[in-house]
Amino acid sequence: MSNKAVIIGGGAAGLFCAGLAAQRGLDVTVLDKNAKPARKLLITGKGRCNVTNNCTPEDFLQNVRTNPRFLYSAIHAFAPADTMRFFEERGVPLKTERGSRVFPVSDKAVEIVDTLTAFAKQSGVKIVPKTRAAAVSCENGAVTGVVCEDRQKFDAAAVVIATGGASYPLTGSNGDGYRLAAQLGHSVIPSRPSLVPVVTAEPWCAEMMGLSLKNVTLTLKNANNKVVYQELGEMLFTHFGISGPLVLSASSYMTEPPQTYRMSIDMKPALEPDQLDARILRDFEEQKNKDFANSLDALLPRKMIPVVVRLSGIPADTKVNSVTREQRRKLVSLIKALPLTPIRFRPIEEAIITSGGVSVKEISPKTMESKLINGLFFAGEVIDVDAFTGGFNLQIAFATAFLAAQSLCPEQ
Ligand SMILES: Cc1cc2nc3c(=O)[nH]c(=O)nc-3n(C[C@H](O)[C@H](O)[C@H](O)COP(=O)(O)OP(=O)(O)OC[C@H]3O[C@@H](n4cnc5c(N)ncnc54)[C@H](O)[C@@H]3O)c2cc1C
């Protein structure tokens, strides 16, 4: 049997899988439609690349939102500690930040990209850029190669589809993998955005466009008024609504239509309502003759003040010494729970992760091989698995790629 393997997609999963398979003696070719591989990896973690999460396999599985059980074997075969060891052994010092998020000490995603690319090349992998796979060819239920858009053909006894999801299509991952898998009879769970900004009903969000909030608490409640997400962190107002780390995380808890949820922001999570009231009273006493609209500078970001003043219902020109206790109570409630009404998600193109993908029912969780076609494998985001933010999604790419590589070339 030929020892040729073709990996479709030179992203995190594809490059890692290719390097490992080549080290085991396979003749490996990676096809990528872009001029350079791993374009998405370059923009991960805002250019810093949150490469994994420094946690146990059990904790990792807790953070996988879709089909965690499918990943049990993969994450035990290649755990976050293995990812860290892989990069550190290749001269990339790593650091662990809040939430056990792991980044290169340099804060440069390009270091991770260069290391993965060098690993693949030094292991003997041939990377063929600007080459878009159009179909996987099969005979008698087994793969025989890959046919590309430009009519090039690559023979192979094994093919790995590592084409990523459908988000940020300019990076190359535009859902091609779903089409390739479907052509071969695989079921594909419809994709939907996950870790995605949220469009809100409140027109005042646009007024605060560009305002970034730190150390606020975002609360998400479902239609039954049950808190489904509550976290302290950072978020951002935009022309359409809200974005930033807290919002992206909250979006992945919104499994029902977005408009059935309610959100609120606690601008002063360190203060209980009584403490906040006392603080406001103190501020008011220090500026007795000021108008209410000019009295909140020490309490709130400048861009937010006109909005809060309006929502409080207190006339802007009220002298602070005549603001009533009842009015103050309303102001406190507003600052502790600024209400937001989600309407919809931003489109999948703007999502960090694609939820959905090739059904896990038709992939062996121990090898990542197709249960339908011999010699066909899947790795990374193309599979119907996705996780919360924190480096878990790249860990999925590495762990599934590891299993696929092992199975393409079983140890002698
Ligand atoms: C803005 C942003 C920030 C992110 N930050 C993080 C983070 O910090 N930590 C984290 O864990 N996750 C992060 N993610 C998610 C993470 O980037 C993905 O989960 C991960 O890249 C998936 O790896 P992959 O190899 O499966 O797919 P990709 O990295 O998307 O790679 C797929 C590759 O396949 C190629 N390809 C596609 N179709 C074809 C075809 N037909 N022929 C040839 N080649 C093809 C593409 O060009 C691409 O190079 C982020 C995502 C985004 C969009």
(message) Around K153, under 14 Å between beta carbons, what's the net of Lys plus Arg minus Asp minus Glu among the other residues?
(response) -1
(message) Rounded to whole Å, give me the distance from the Cα center of the range 300-344 to that of the range 1-30.
(response) 59
(request) Take the alpha-carbon centre of the range 186-205, take the same for the range 75-113, and report the distance between them in whole Å. (result) 29
(request) Report relative contact order for the chain in percent, whole number only (criteria: Cα-Cα under 8 Å, sequence separation at least 6). (result) 24
(request) With a probe of 1.4 Å, find how much accessible area the range 28-80 has per residue, and write the answer as a whole number in Å². (result) 45
(message) Can you give the local net charge around P193? Use residues other than it whose beta-carbon is closer than 13 angstrom to its beta-carbon, Lys and Arg +1, Asp and Glu -1.
(response) 0
(request) Run the quick spin-label model on N215 and R279: label points 7 Å from Cα toward the beta carbon, then report their separation in nm to one decimal. (result) 0.9
(request) Set Lys and Arg Cβ to +1 and Asp and Glu Cβ to -1, take the dipole of the range 164-238 about its Cα centre, and tell me which of P190, L211, L170 lies farthest positive. (result) P190
(message) Between 0 and 90 degrees, rounded to the nearest ten: what's the tilt of helix 109-122 against the longest Cα principal axis of the chain?
(response) 10
(request) Give the long-range amide H neighbours of L213: residues separated by 5 or more places, or on another chain, with amide H under 5 Å away, using H modelled in the peptide plane at 1.01 Å from N. (result) M235, L236, F237
(request) Rounded to whole Hz and in sequence order, give me ³J(HN,Hα) for the range 210-219 from the Karplus expression 6.51 cos²θ - 1.76 cosθ + 1.60, θ = phi - 60°, writing x for Gly and Pro. (result) x, 6, 10, 10, 10, 6, 10, 10, 9, 10
(message) Is there a quick way to get the dipole size of the chain? I mean about its Cα centre, with the Cβ of Lys and Arg at +1 and of Asp and Glu at -1; what is the value in debye to the nearest 20?
(response) 500
(request) Return the inverse of the average 1/r over all pairs of distinct C-alpha atoms in the range 177-236, which is the Kirkwood hydrodynamic radius, in Å to one decimal. (result) 15.3
(message) Can you list residues from other chains, or at least 5 along the same chain, whose modelled amide H is less than 5 Å from the amide H of I343?
(response) V199, T200, A201
(request) Show that you can apply the helix-only estimate: for the chain, add -39,500 (n - 2.57) for every DSSP H stretch of four or more residues, divide by all residues, and state [θ] at 222 nm to the nearest 500. (result) -8500 deg cm²/dmol
(message) Suppose every Lys and Arg Cβ carries +1 and every Asp and Glu Cβ carries -1, with no other charges. What dipole size does the range 1-95 come out with about its Cα centre, to the nearest 20 debye?
(response) 420
(message) Just to be sure I follow the definition: excluding the sites themselves, where is the longest run in the chain that has none of the GluC sites (Glu not before Pro) in a DSSP loop with at most 15 other Cβ atoms within 10 Å?
(response) 150-410
(message) Please list, in order along the range 145-152, the HN-Hα scalar couplings obtained from phi with the Karplus expression 6.51 cos²θ - 1.76 cosθ + 1.60 (θ = phi - 60°), rounded to whole Hz, x for Gly and Pro.
(response) x, 10, 10, 9, 4, 7, 6, 4
(request) Taking the chain as the reference, fit the longest principal axis to its C-alpha atoms, fit the long axis of helix 392-408 to the helix C-alpha atoms, and give the angle between the two in degrees, 0 to 90, nearest 10. (result) 10
(request) Convert each backbone phi in the range 329-336 into a coupling constant with the Karplus relation 6.51 cos²θ - 1.76 cosθ + 1.60 (shift: θ = phi - 60°), then list the ³J(HN,Hα) values in order as whole Hz, x for Gly and Pro. (result) 4, 5, 5, 4, 4, 5, 6, 7
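The values are calculated or read from the model by the stated rules, or taken from the named source; none is laboratory data. Worth saying up front: this structure is predicted, and the values here are computed from it rather than measured. Methodologically, a virtual Cβ is constructed for each residue, glycine included, from the backbone with ideal geometry; neighbour enumeration extends over all protein chains shown. Side chains included, ligands, DNA and RNA excluded: accessible areas come from the protein's heavy atoms. Shrake-Rupley method; radii C 1.70, N 1.55, O 1.52, S 1.80 Å.
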